[in-house]
Each structure stands twice: as structure tokens, then as C-alpha cells.
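Below: one structure, written as C-alpha cells.
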Amino acid sequence: MNASLKLILWLLAGVLLPLAAFYLLGSANDHWASLNIAGAVSLIFLIVILGYFMRPPFSIKTRIITWTAFVLVAAVGIIGWRGMEDLSKYQRRTLMEIHTMITNGILQDELYTPLQKTLAAYYGQPGKKKETLGHVFQRLYPSGKIGENIHNVHQPDPKGDDSLRVVVTTVSDNEIGLVGYHYYSRGRNKEFKNYNGRFGFVQAKAVLTEKGVRYESEN
Amino acid sequence: MNQKTDPNNASTSEFSPKFLRWISITTLGTLLIVLVPVHRIYPYSFNIFHNPAFQAMGLTISMGLSEFSGHIPYINPKELFTMITALVILYIVGPVLWLYSWRVLKLKKAAGTPITSIARGWSLLFIIGGAITFRTVFFELISTTSNRIVSAHLYKAQDVQRTKDRLINDLYQVSFEAYDYRILPKSLSGGNGSYEGFFLSPQQAKNDNGEILIVEARPQMITFLAVSSKNIVNTIMVSVDSIGRTSPWTYSGDYK
């Protein structure tokens with residue numbers, strides 16, 4: 001077999017093996033898994049070709065230098081590769097953590113504000129005959145019926161993609177209950193069933209009684 | 001001493017017509033690669049010479065940004081194809097061309113084969129393969145070093161930011177509770193229109209994120225100070241007014 005044909009065969013094997021590993025053994029949803037498998041196959045292939053090509057007539061000295069350089073570069077390459085994978089995955093996780101933290105802060109505000117406004121108005125009533133908590137809440141929030149969303153009802157998002165909901169769960173003389181949840185901000189527990197039937201997203205609830213607001217971050 | 005010229009070897013002179021033809025083709029080829037807007041035909045064409053791990057990193061971050069905006073992350077098959085193509089070109093094609101042509105040239109030299117156009121072809125492959133391989137090695141070393149430096153800074157900065165965000169959340173929580181206390185009458189353990197007498201539970205006063213202290217509690221206003229558990233120089237101060245509004249937040253240390 002002449003040298004050109006051999007080269008073509010080596011190239012063909014070198015191209016097909018990582019490609020096959022990437023598309024056949026990799027994961028459709030995780031490009032890092034696919035790339036890591038293809039990278040590992042490429043590394044094995046490089047070791048094989050280095051062992052095969054660096055035979056005599058190459059001197060021992062040339063072989064030792066080439067192998068040492070290969071091992072060093074491969075080690076640095078693997079460290080760099082892993083570092084990039086870790087860093088990018090960390091960045092992605094951090095972005096969602098930031099989102100969750102922002103959502104939790106917004107939810108706290110969105111749940112506390114109407115309830116504390118109601119509480120302040122309730123205790124701010126003059127005279128002895130007082131409106132109940134439920135009446136005060138419905139006077140302040142006429143749209144606040146059970147099952148209704150009271151978030152941004154007066155200033156709806158023009159694009160219509162508001163992903164936060166604050167739903168009234170209880171309205172009675174002595175108790176007002178609200179639950180707030182987000183459509184895609186991930187909570188602590190993936191199994192948690194949200195108010196809207198989805199699983200794993202941020203949710204908090206707050207209950208107002210005459211003793212004040214009881215707030216609980218549910219997920 | 002007079003130099004002798006070998007008339008049989010005239011075709012290998014650097015100014016021979018063959019050489020000039022070769023250099024013209026190479027120059028035209030390079031100009032063509034640079035000037036023809038290949039990236040308009042295939043937008044990811046430039047990435048074929050980028051480190052595949054670097055491309056994967058960009059893809060992961062763009063997926064994170066996509067999730068942040070509430071979209072379902074999507075991997076474009078063209079991006080995946082470009083990534084694997086880069087891997088094959090940089091880590092397989094380059095080294096195979098270089099090492100194999102090196103071996104062929106070495107064997108020819110050992111056998112004493114005269115320099116022919118075939119040998120010059122192998123020399124060209126040796127140069128191309130070597131250029132790809134050494135370029136890959138160079139960028140590998142650069143990107144690994146810069147990645148280590150950037151990662152160290154980023155991990156530290158995000159750790160500071162994370163503690164800051166958590167303390168802000170904790171401060172919001174105690175601010176709401178303080179305002180609750182102010183609204184409630186004395187009969188329900190409230191402040192009856194004053195923040196005086198408000199106190200924090202041990203869990204609120206100290207947790208993994210840091211410590212929260214009440215700096216001042218007056219009828220119309222209460223001031224909290226949060227101190228980071230990781231560095232006491234990093235603090236956040238905030239006041240809550242008589243209608244429950246939090247004042248502008250004051251930061252110190254790394255939180256500034």
C-alpha cells in the first residue's frame with residue numbers, strides 16, 4: 001500500500017471515530033457529554049498514531065521529546081477542557097440561582113405588600129365598629145376574589161409574558177390567603193407540585209390574620 | 001572561494017517558475033479564504049478553527065441565558081456539527097498530517113531517496129499539519145492559563161455576590177416583619193405604631209449568610225445592619241420608614 005493511501009486511511013479512521021462517538025454515544029441533550037466522549041476517543045487515537053508513527057527511524061531522543069511534549073500538552077489540554085466545562089456549567093447554574101433569588105425577593109414583596117396594606121388599613125380604622133379583614137381586603141383589591149390573580153392587574157405587561165402570579169386562596173372575615181408562584185424560576189425541590197399543577201418552580205404563600213402576616217417560602 | 005551552481009538543480013531554485021507558480025497559488029488561495037464571505041454562507045465557519053471546548057462553553061452559557069429569559073434551551077445542530085468538525089480538524093487532521101508526513105520524509109531521507117515533487121508534496125503536508133498542530137497547542141496553553149485566571153476571579157466575585165443577594169433577601173424579610181410589628185397593637189405583641197421593642201429571633205439574627213443587627217429602633221424608623229459571615233468588612237445597612245418602605249441601601253467592603 002503506498003504512503004498516500006495509508007495517510008487517507010489514517011485520516012478517515014481519525015475523522016470517523018470521533019464523529020461516531022459524538023453522534024452515537026453522546027447525549028442529545030448534553031453537548032458536553034458528547035464532546036467529552038469524542039475528545040476521549042480523539043485522545044486514544046492520538047496515542048495510537050503517536051506510537052505507530054514515532055517508530056524507528058526516529059531516534060530514541062526524538063521519541064522521548066515528542067512523547068514528553070505530547071503528555072504535557074495533553075495534560076494541560078485536559079485541565080483546560082475540564083476547566084471550561086466546569087466554569088460554563090457553574091455560570092449556567094449561577095444564572096438560574098440569581099433568577100430564583102430575584103423571584104423570591106419579588107414574591108416576598110408581592111405577597112407582603114397587599115396583606116400589610118390591608119393590615120394597616122384594618123388597624124387604622126377609627127371607632128369601635130370595624131370592617132373585617134376580608135372586607136378591608138376586598139375594598140382595597142376589588143379584583144381579589146378567590147382563585148383570581150392580583151399581580152399586575154392594573155398595569156398588565158404589554159407583551160403579555162408576565163411569568164409571576166399572585167393568586168387569592170382564602171378570603172374570610174379573619175383570614176386572607178395568597179399564593180405566589182413563578183412559571184419558570186426553579187425552586188429547591190424538583191418534585192414540589194406548584195399551585196398551577198406544574199412541578200419544581202418557586203412558590204410562596206402568605207396568610208394574613210389579625211396577628212399579622214405569616215409568610216412561607218414553599219419552594 | 002567560488003560557489004558552484006548545479007545546472008541540474010535549477011528547477012529547485014527559489015526563483016524557479018515552479019516556485020513562483022506555487023507561491024502565486026498559495027497567495028491567491030489565502031486571499032480567497034480571507035475575502036470570500038464564507039461566514040455569510042455558513043455562519044459558524046470561523047468556529048471551525050476555534051477550540052471545541054471553548055465553543056461548548058459558549059453554547060452552555062447561551063443556554064443558561066435562554067433559560068434565564070424563560071425560553072426552552074435549544075441546541076442548534078449546526079453548532080454541534082461545527083464543534084465536532086473543529087475537534088476533528090484541530091486534534092486529528094493536523095497531528096495526523098504532521099506526524100505521518102514527518103515519518104514519510106524521515107523514511108525517504110533514511111533511504112537516500114532524491115528530492116522529487118512527491119517529496120515536496122509531503123513537505124507541504126508536513127508544514128500544513130505542523131501549523132495546525134502548533135497553533136492548536138499554542139491556543140490550548142493560552143486558553144488553559146487564561147481560563148484558570150478568569151475562573152478564580154469569577155468564583156470569588158460570584159461568591160461575594162451570592163452572599164450579598166442572600167443577605168439582601170434576609171434584610172427584606174426582617175424589614176417586612178418589623179413593619180408587621182409596627183402595625184400590630186400592643187395587645188397582639190406589636191409596637192402599636194412604633195418600631196421600638198422589635199427584636200430578631202436567634203435564627204434571623206444569625207445564619208450561614210451572616211449576622212443581622214438592629215442599629216436603631218425609633219417610632220418612625222428602624223435601621224438594620226447585615227454583616228457577611230465570610231468577611232466582616234462586607235456589610236449592608238438599610239432603614240425601614242413608617243409606611244414600610246426600605247431606604248436606599250448602603251453597602252461597604254466588597255459589596256460596594
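The values are calculated or read from the model by the stated rules, or taken from the named source; none is laboratory data. Not measured: the values here are computed from a predicted model. Every residue, glycine as well, gets a Cβ built from its backbone with ideal geometry; the counts of neighbours run over all protein chains shown.
Residue check: is B:Val150 more than 30 Å from B:Pro52 (Cβ to Cβ) and touching a helix residue (DSSP H, G or I) at 6+ places or on another chain (Cβ under 8 Å)?
no
Among the residues of the stretch B:51-84, what is the count of those that are facing another protein chain (nearest Cβ under 9 Å), crowded, with 19+ Cβ neighbours inside 10 Å and either part of a loop (DSSP other than H, G, I, E, B) or among the polar types (S, T, N, Q) (or both)?
Number of matching residues: 3.
Could you list, in sequence order, the residues of the stretch B:131-171 that are in contact with a Leu (Cβ under 8 Å, 6 or more places away or on another chain) and small (Gly, Ala, Ser)?
The answer is B:Ser151, and nothing else.
Listed residues B:Gln158, B:Gln173; which is under 22 Å from B:Tyr255 (Cβ atoms), in a helix (DSSP H, G or I) and in contact with a Ser or Thr (Cβ under 6 Å, 6 or more places away or on another chain)? It would help to see each step written out before you state the result.
Working: B:Gln173 fails: in contact with a Ser or Thr (Cβ under 6 Å, 6 or more places away or on another chain).
Residue meeting the stated conditions: B:Gln158.
Just give me the residues in the stretch A:138-160 being modelled with pLDDT of 60 or more and out of contact with any helix residue (DSSP H, G or I) (no Cβ under 7 Å at 6 or more places or on another chain), in sequence order.
Correct list: A:Gln138, A:Arg139, A:Pro142, A:Ser143, A:Lys145, A:Ile146, A:Gly147, A:Glu148, A:Asn149, A:Asn152.
Kindly provide the set of residues from the stretch A:101-144 that are outside any helix (DSSP H, G or I) and farther than 22 Å from B:Gly190 by Cβ, ordered by number.
A:Tyr141, A:Pro142, A:Ser143, A:Gly144 - these are the residues of the stretch A:101-144 that are outside any helix (DSSP H, G or I) and farther than 22 Å from B:Gly190 by Cβ.
On the basis of being touching a strand residue (DSSP E or B) at 6+ places or on another chain (Cβ under 8 Å), touching a residue at least 24 places away in the same chain (Cβ under 8 Å) and in a strand (DSSP E or B), does B:Phe224 make the cut?
When the stated conditions are applied, B:Phe224 passes them.
Filtering the stretch A:65-77 down to residues that are surrounded by 15 or more Cβ atoms within 10 Å (Cβ to Cβ) and under 32 Å from the mean Cα position of the chain (by Cα), which residue is nearest to B:Thr133 (Cα to Cα)?
Residue satisfying both the conditions and the ranking: A:Gly77.
Within 7 Å of chain B (Cβ to nearest Cβ) and farther than 22 Å from B:Thr144 by Cβ: is that true of A:Ala21 in this structure? Break it down into steps so the answer makes sense when it comes.
Values: within 7 Å of chain B (Cβ to nearest Cβ): no; farther than 22 Å from B:Thr144 by Cβ: yes.
Taking the combined requirement at face value, the residue does not satisfy it.
Which residue is farthest from the chain's Cα centre (by Cα), if the candidates are limited to the stretch A:24-64 and must be in contact (Cβ under 8 Å) with a residue 24 or more places away in the chain and facing chain B (nearest Cβ under 7 Å)?
Within the stretch A:24-64, the match that is farthest from the chain's Cα centre (by Cα) is A:Ile49.
Taking the stated definitions as given, is B:Ser146 at pLDDT below 90, over 30 Å from A:Ala206 (Cα atoms), in contact with an Asp or Glu (Cβ under 8 Å, 6 or more places away or on another chain) and at the interface with chain A (Cβ under 10 Å from one of its Cβ atoms)? First the steps, then the outcome.
Values: at pLDDT below 90: yes; over 30 Å from A:Ala206 (Cα atoms): yes; in contact with an Asp or Glu (Cβ under 8 Å, 6 or more places away or on another chain): no; at the interface with chain A (Cβ under 10 Å from one of its Cβ atoms): yes.
Answer is no for this residue.
Only residues that are touching a residue at least 60 places away in the same chain (Cβ under 8 Å) and within 8 Å of chain A (Cβ to nearest Cβ): list them for the stretch B:124-143, please.
Once the filter is applied, which keeps residues that are touching a residue at least 60 places away in the same chain (Cβ under 8 Å) and within 8 Å of chain A (Cβ to nearest Cβ), the stretch B:124-143 yields B:Glu140, B:Ser143.
Looking only at the stretch A:75-90, count every residue that is farther than 16 Å from A:Ser34 by Cα and facing chain B (nearest Cβ under 7 Å) and tell me the total.
6
State all residues of the stretch A:176-215 that are over 21 Å from A:Ala120 (Cβ atoms) and among the charged types (D, E, K, R); if no residue qualifies, say none.
Scanning the stretch A:176-215 gives A:Arg186, A:Arg188, A:Lys190, A:Glu191, A:Lys193, A:Arg198.
Pairs only if they're at least six apart or on different chains, beta carbon under 8 angstrom, first in the stretch A:98-118 and among the charged types (D, E, K, R), second surrounded by 17 or more Cβ atoms within 10 Å (Cβ to Cβ); list them, first residue then second.
So the pair list comes out as A:Asp109/B:Tyr172; A:Glu110/A:His151; A:Glu110/A:Leu164; A:Glu110/A:Val166; A:Glu110/A:Gly180.
What is the one condition in (1) within 20 Å of A:Ser163 (Cα to Cα); (2) modelled with pLDDT of 90 or more; (3) facing chain B (nearest Cβ under 8 Å) that A:Leu95 does not satisfy?
Just one mismatch for A:Leu95, condition (2).
For the stretch B:163-180, indicate whether the set of residues that are surrounded by fewer than 14 Cβ atoms within 10 Å (Cβ to Cβ) and more than 10 Å from chain A (Cβ to nearest Cβ) is non-empty. Quick ask: steps written out before the conclusion?
First pass over the stretch B:163-180, keeping only residues surrounded by fewer than 14 Cβ atoms within 10 Å (Cβ to Cβ): none.
Among the residues of the stretch B:163-180, not one is surrounded by fewer than 14 Cβ atoms within 10 Å (Cβ to Cβ) and more than 10 Å from chain A (Cβ to nearest Cβ), which makes the answer no.
Give the residue, chosen from A:Thr103, A:Thr170, A:Thr118, that is polar (S, T, N, Q) and surrounded by fewer than 18 Cβ atoms within 10 Å (Cβ to Cβ).
Result of the check over A:Thr103, A:Thr170, A:Thr118: A:Thr170.
Given the conditions (1) loosely packed, with under 14 Cβ neighbours inside 10 Å; (2) out of contact with any His (no Cβ under 8 Å at 6 or more places or on another chain); (3) away from chain B (no Cβ under 13 Å), and given that A:Tyr141 satisfies all but one, which numbered condition is not satisfied?
Of (1) loosely packed, with under 14 Cβ neighbours inside 10 Å; (2) out of contact with any His (no Cβ under 8 Å at 6 or more places or on another chain); (3) away from chain B (no Cβ under 13 Å), only one is false for A:Tyr141: (1).
Being over 20 Å from A:Leu111 (Cα atoms), surrounded by fewer than 19 Cβ atoms within 10 Å (Cβ to Cβ), of a type in the set (Lys, Arg) and within 14 Å of chain A (Cβ to nearest Cβ), is that true of even one residue in the stretch B:186-197?
There is at least one residue in the stretch B:186-197 that is over 20 Å from A:Leu111 (Cα atoms), surrounded by fewer than 19 Cβ atoms within 10 Å (Cβ to Cβ), of a type in the set (Lys, Arg) and within 14 Å of chain A (Cβ to nearest Cβ).
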